[in-house]
1. Over all directions, how big on average is the projection of the convex hull of the alpha-carbon atoms in segment 103-218, in square nanometres?
2. Identify the trypsin sites (Lys or Arg not before Pro) of segment 386-464 meeting these criteria: DSSP loop state and at most 14 other C-beta atoms within 10 Å of the C-beta.
3. Given R₀ = 22 Å, what would the calculated FRET efficiency be for ILE519 paired with TRP10, taking r from the Cβ atoms and rounding to 0.05?
4. Taking amide H positions as placed in the peptide plane 1.01 Å from N, state which residues far from ALA73 in sequence (5 or more) or on other chains have amide H under 5 Å from it.
5. Students often check this: by mean Cβ neighbours within 10 Å, which of 49-62, 372-385, 447-460 ranks highest, and how do the rest follow?
6. Just from its helices, what would the mean residue ellipticity at 222 nm be for the chain, if runs of 4 or more DSSP H residues each count -39500 (n - 2.57) and the sum is divided by every residue, rounded to the nearest 500 deg cm²/dmol?
7. Calculate the spin-label point distance for GLN541 paired with ALA225, positioning each point 7 Å from the Cα along the beta-carbon direction, and give it in nanometres.
8. Percent relative contact order of the chain, based on C-alpha pairs within less than 8 angstrom and at least six residues apart?
Amino acid sequence: MAKANSEKIWLSGNEAIARAAWEAGVTVASAYPGTPSTEILENLVKYNDVYTEWAPNEKVALEVGLGASFAGARVLVTMKHVGLNVAADPLFTASYTGCRGGLVIVNADDPEMHSSQNEQDNRNYAFAAKLPMFEPSDPKEALTMLKEAFELSEKYDTPVLFRTTTRLAHVKSLVTVGSRIMGPVEVKIDKDPAKFVMLPGNARARRQAMVGRQQQLLAFADSYAGNRIEKGDKKLGIITGGVAYLHCKEALPDASFLKLAMSWPLPEQLIRKFAASVDEVIIVEELDPFFETHIKAMGITCTGKDKIPATGELNAAIIKKALTGESPELFAPAAMPMRPPNMCPGCPHRAVFYNLSKLDVFVSGDIGCYTLGFLPPLSAMDSCVCMGASIGIAHGLTKAIGGDQYKKTIAVIGDSTFLHSGINSLANMAYNKSHATVLILDNRITAMTGQQQNPASGATLMGEPAHAINLEQLCRAVGVEHVTTVNPHDINGTRKVIKEELERDATSVIICRAPCVLIPEMRTKKITPLTIAVDKCTGCQACVRLGCPAISWQPLTPDEAKALGKKEKQKGYTRISTEMCNGCGQCRAVCKFEAISEVEVG
């Protein structure tokens, strides 16, 4: 996979980060998949001499990375922005312990919430945890700055945060690649309990070491070449960083700029120098007024969020309008047909939510493909907060309501999400005698982020066979006595089991097991699509209400109605696209008129 030194290749931001990690001599990388960060490890695994793994969650990934760093290895840990919430416990203490081998944590924020439940600005973590943070603007900078981050990590004995965003992760540009250079720290067991054992006495000493480190990092930030002044019209000075810098350069190319490549700590002397050189300082940044707050705290007069939106992604047009009042069409949006989010044809989750939509229950949902069960026509999810929260929320509901109402509470969670952070919540339900029913939607993969392996899928990121956790045994091990496994494609059988478990005066688990239709073994499986006999279709639309993309409603023309002998009240019939149909049979199960059958193969 390695390219010759100084060769230029076309890379996305995520691909450039993976390349940079290899060039920097990373030997261990751990992550939990999460858009927009997922492709980093999916690309890094293609390089030789790097151990890569999917961890069960981000906390575990960071702890693995910290252990490898203690041994002297250079380590990359990646996650999306909400994943850093999960990893926050070891993150804050890692700021105290420091590291031996360079430790860089890539944190991918998601302005506009393209695939996330919030759009938090994780620059605040750098400030709160007292950790340096780099923020590149394009793939070229991502490659260069990630290698610099490893050097900084080892020089100043600190983990380094590396902030990307969805736009940077997926945009492509020409990048100059280099050779692999191993880190300077010898990899070995090096016992240093005063540094690595964070009981209060040691932690107090390490806290003082952090203070000294911060002073050194402040000096570094002022001298770091990535933080640079670009002279232009002195009437307007813009302080910005990351992808927002590129938008500003497009919108206002004649302005003066202070580009901040380090989000934290801020180069105070450089900022003061820049502010003194221009008539007006405006801060342009995505999401929170992070730069603005800290720069105003320096006593520097500036404006920012009173002009620039505090939510969503920025672009050149938004910035130009905010700062000049003009509304230019800087790019013509392509005319694309609407494509509402939907589960794939043949998705086993669809059948589960179809059943839940027929029951008078509160459905506590979770993060995954199945979150789409909230949308019409299924409309069968009543809450969704964060990874693993469904089970705890269902338990809280049952304890608050009491009486027979607890028999109307269901938690829905995927297999990967259950292993991520649902196990403890299920143990809590069993321990505290909850009466909710938990549905584990086991499709054998982490489907939401693109079919990544997990501890129940039987393989590792590196393609090696692995022990597949037995979910039934795991649920019983934490104290759940009533565990049932169903095939969700069997709509009637699954509904029967759900109704039975809702009546049970105890914690119960139903494992709805059917593979994701996009995993390799399913994609190569021979499929017999289904079709609808128009003469038998009554137009009841029961199959349409499944919301399957392969099923559509076709209005009847007067001539068709006459030819088919249809009554006037029947306005149309349904049809199945044989090109899209996966042959799962869910529509066949809900059709009372036996109008659906397999396509005859001639």
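1. Numbers: hull surface 38.2 nm².
The directionally averaged projection comes out at 9.6 nm².
2. Working: sites: LYS399, LYS407, LYS408, LYS433, ARG444; in loops: LYS433, ARG444.
Answer by residue number: LYS433.
3. Values: r = 29 Å, r/R0 = 1.31.
The formula returns an efficiency of 0.15 here.
4. GLY101
5. Values: 49-62: 21.5, 372-385: 17.9, 447-460: 19.7.
Highest to lowest by the protection proxy: 49-62, 447-460, 372-385.
6. It lands at -10000 deg cm²/dmol.
7. Placing both labels 7 Å beyond Cα along the Cβ direction yields 6.5 nm.
8. Working: 1275 pairs, mean separation 64.0, N = 602.
Normalised by residue count, the contact order of the chain is 11 percent.
Read-outs throughout are calculated quantities, based only on the coordinates presented, and are distinct from any laboratory measurement. In this text, all values refer to a predicted model and were calculated from it rather than measured experimentally. Glycine also receives a Cβ, built like all others from the backbone with ideal geometry; neighbour counts cover every protein chain displayed.
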